[in-house]
Amino acid sequence: MERYPTLKTQDPEIYSLINRQTEFESSTLKMIASESFASLAVLEACGSTLTNKYAEGYAGARYYEGNDIVDEIELLAIGRAKKIFGCEHVNVQPCSGSPANQAVYRAILKPGDKVMGLPVPEGGHLTHGWKVNFSGKDYVQVPYAPEPTTGLIDMNHVREIALRERPKMIWAGTTAYPRQLDYAAFAEIAREIDAYLVADIAHINGLIIAGVHPDPVPFCDVVSSTSHKMLRGPRSGFILSKIGDRYQSRYFPESKLNLAQRIDRAVFPGLQGGPHLHIIAAMAVAFKEADSDAFRSYGRQIVANAKHLAKSLQEKGIAIASGGTDTHLLLLDFRKEEFTGKDFSNAMAKSGIIANFNMVPGDQRSPFVTSGVRLGTPALTSMGMKEPEMELVANWISRIRQNINNIDSEAPKIRAEIAELCGKHKIPGIRP
Ligand SMILES: *Cc1c(COP(=O)(O)O)cnc(C)c1O
């Protein structure tokens, strides 16, 4: 299949770089937990003429003329998101996950307010109050973390911290935690201290749609998400919320706006100008794709693959943080090894397995080298890989570990085997 024929003649430099990256991703194992493969339909919508349109505002209330048709597009995206997530209100304009979270802060908190979240080294996201991010500079993070001994979030401990610190908002969301979150327990704690509960489902939205992870929508005031990770949409974000604010009289007695209106205003005009309509259209396409048995079976297989991979690795003597996984990701735990997480992710990359080094619970090494590697199964699952292929991946990872000190001689052999396996699989958006 010839990709991008016009670009090829008009800008061969960029064409060639895009092609090289695509070839690279098609001949190696994409195990970055936050990545998957968007469909050709999603890619086509992203590349559509909608990129030319300005539509500041919301459907029916724009600041530019000529928006009747794009109103339909945005309303379709919103309607489809409401259907798959079963929520009251949706905003599809945030340009990515971090801007979506920024809007949540602006809708709910005032600068200096306390927000409870996991620090980055503990598996949280930058926007959950980490010090180098706006969220840690403008707000005060009350940290919680998985227990160093078990690798699990202990809800009794979370409650203790919450009662002591009384944050105004609690994030229930992670980027590197292999276990399910107990939203019901988070909701009970939030209610005890009159805090807003916000779930960040950037990583796990597909598991929720597939019914293999608890659903936060009934328990949370707000749920934020990306659309480009396992959801396989364009690179973007969206916010689900209740319409009414249960703490309106306590925290916003003067405001005539409800929670949904405050979120909409925080996104536009609070933080952004014109919405990216080509991306919103592509998001609508991804939502439609996600509302299918094929997608739900993809979500289930992601977890089955991660569980199988964790078990196979453990059988080969590789430790897994928290003893396994019930999501799409696992953390290889190399605290007892001579080599670091960075050494290992580097050796894996040489061998054709692309992932990232990551802190693990109880890690004594610095965040620049770490003792762990984070592996995710969404992309391989999108390629149609199942348990037998996870066996192969576990074998390769085990070989990398055995050859960690002479990886340069072993890596090319593994890489060739991986390229051969990849060649046998279809890849959404790349190789039908
Ligand atoms: C990826 C991610 C985000 C946002 O990511 P962007 O890179 O800004 O799109 C937010 N929260 C969590 C938990 C994430 O994993």
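In region 98-112, which residue that is within 10 Å of the ligand (Cβ to nearest atom) and open to solvent by less than 10 Å² (accessible area, probe 1.4 Å) is nearest to residue 284 (Cα to Cα)?
100
Considering only residues of region 113-131 that are more than 14 Å from the ligand (Cβ to nearest atom) and in a loop (DSSP other than H, G, I, E, B), which is surrounded by the fewest Cβ atoms within 10 Å (Cβ to Cβ)?
The selected residue is 131.
Can you name the number of the only condition in (1) within 13 Å of the ligand (Cβ to nearest atom); (2) in contact with a helix residue (DSSP H, G or I) (Cβ under 9 Å, 6 or more places away or on another chain) that residue 204 fails?
(2)
Hey, among 387, 391, 420, which residue is in contact with a Ser or Thr (Cβ under 7 Å, 6 or more places away or on another chain) and of a type in the set (Asp, Glu)?
Answer to the check: 391.
Being open to solvent by 10 Å² or more (accessible area, probe 1.4 Å), in contact (Cβ under 8 Å) with a residue 24 or more places away in the chain, more than 30 Å from residue 265 (Cβ to Cβ) and within 20 Å of the chain's Cα centre (by Cα) narrows it down to one of 358, 305, so name that one.
358
Of everything in region 56-72 that's exposed (fewer than 14 other Cβ atoms within 10 Å of the Cβ) and acidic (Asp, Glu), which residue is nearest to residue 264 (Cα to Cα)?
72
Quick one: how many residues across region 36-52 are open to solvent by less than 40 Å² (accessible area, probe 1.4 Å), over 14 Å from residue 231 (Cβ atoms) and assigned to a loop (DSSP other than H, G, I, E, B)?
Residues in region 36-52 being open to solvent by less than 40 Å² (accessible area, probe 1.4 Å), over 14 Å from residue 231 (Cβ atoms) and assigned to a loop (DSSP other than H, G, I, E, B): 1 in total.
In this structure, does residue 66 turn out to be on the phi > 0 side of the Ramachandran plot and outside any strand (DSSP E or B)?
For residue 66, the condition - on the phi > 0 side of the Ramachandran plot and outside any strand (DSSP E or B) - is met.
Give me a count of the residues in region 252-279 that are among the β-branched types (Val, Ile, Thr) and either more than 24 Å from residue 235 (Cβ to Cβ) or touching a strand residue (DSSP E or B) at 6+ places or on another chain (Cβ under 9 Å) (or both).
Number of matching residues: 2.
Using beta carbons and a limit of 9 Å, which pairs, at least six apart or on different chains, have the first residue in region 120-139 and acidic (Asp, Glu) and the second one within 11 Å of the ligand (Cβ to nearest atom) and modelled with pLDDT of 95 or more?
Close Cβ pairs satisfying both conditions: 122/174; 122/176; 122/177.
Scan (1) within 16 Å of the ligand (Cβ to nearest atom); (2) touching a Cys at 6+ places or on another chain (Cβ under 9 Å) for the single condition residue 217 breaks and write down its number.
(1)
I'm trying to understand the selection: among the residues of region 147-186, which are open to solvent by 20 Å² or more (accessible area, probe 1.4 Å) and either among the polar types (S, T, N, Q) or closer than 25 Å to residue 296 by Cβ (or both)?
149, 150, 156, 174, 175, 179, 180, 182, 184
Give me the pairs: first residue in region 4-27 and in a helix (DSSP H, G or I), second residue among the aromatic types (Phe, Trp, Tyr) and open to solvent by 90 Å² or more (accessible area, probe 1.4 Å), beta-carbon distance under 9 Å, and six or more apart or on different chains, which are they?
Qualifying pairs under 9 Å: 15/4; 18/4; 19/4.
Tell me yes or no: at least one residue of region 322-342 is part of a loop (DSSP other than H, G, I, E, B), hydrophobic (A, V, I, L, M, F, W, C) and within 22 Å of the chain's Cα centre (by Cα).
Scanning region 322-342 turns up no residue that is part of a loop (DSSP other than H, G, I, E, B), hydrophobic (A, V, I, L, M, F, W, C) and within 22 Å of the chain's Cα centre (by Cα).
So which of 136, 79 ends up being out of contact with any strand residue (DSSP E or B) (no Cβ under 6 Å at 6 or more places or on another chain), buried (at least 17 other Cβ atoms within 10 Å of the Cβ) and part of a helix (DSSP H, G or I)?
136
What residue, of 350, 342, is of a type outside the set (A, V, I, L, M, F, W, C) and out of contact with any strand residue (DSSP E or B) (no Cβ under 7 Å at 6 or more places or on another chain)?
From the options 350, 342, the qualifying one is 350.
Results for (1) β-branched (Val, Ile, Thr); (2) open to solvent by 30 Å² or more (accessible area, probe 1.4 Å); (3) closer than 25 Å to residue 290 by Cβ, shown as yes or no for each residue.
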{"residue": "9", "(1), (2), (3)": "yes, yes, no"}
{"residue": "24", "(1), (2), (3)": "no, yes, no"}
{"residue": "30", "(1), (2), (3)": "no, no, yes"}
{"residue": "54", "(1), (2), (3)": "no, yes, no"}
{"residue": "74", "(1), (2), (3)": "no, no, yes"}
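So which residues in region 343-352 are closer than 13 Å to residue 401 by Cα and crowded, with 21+ Cβ neighbours inside 10 Å?
Correct list: 344, 345, 347, 348, 351.
The values are calculated or read from the model by the stated rules, or taken from the named source; none is laboratory data. Just so we're clear, the structure is a prediction, and the values are computed from it rather than from any experiment. For neighbour counting, all protein chains shown are included, and Cβ atoms are generated from backbone atoms with ideal geometry for every residue, glycine included. The protein model used for the area step is the full one, side chains on, heavy atoms only, and it has no ligands, DNA or RNA in it. Shrake-Rupley method; radii C 1.70, N 1.55, O 1.52, S 1.80 Å.
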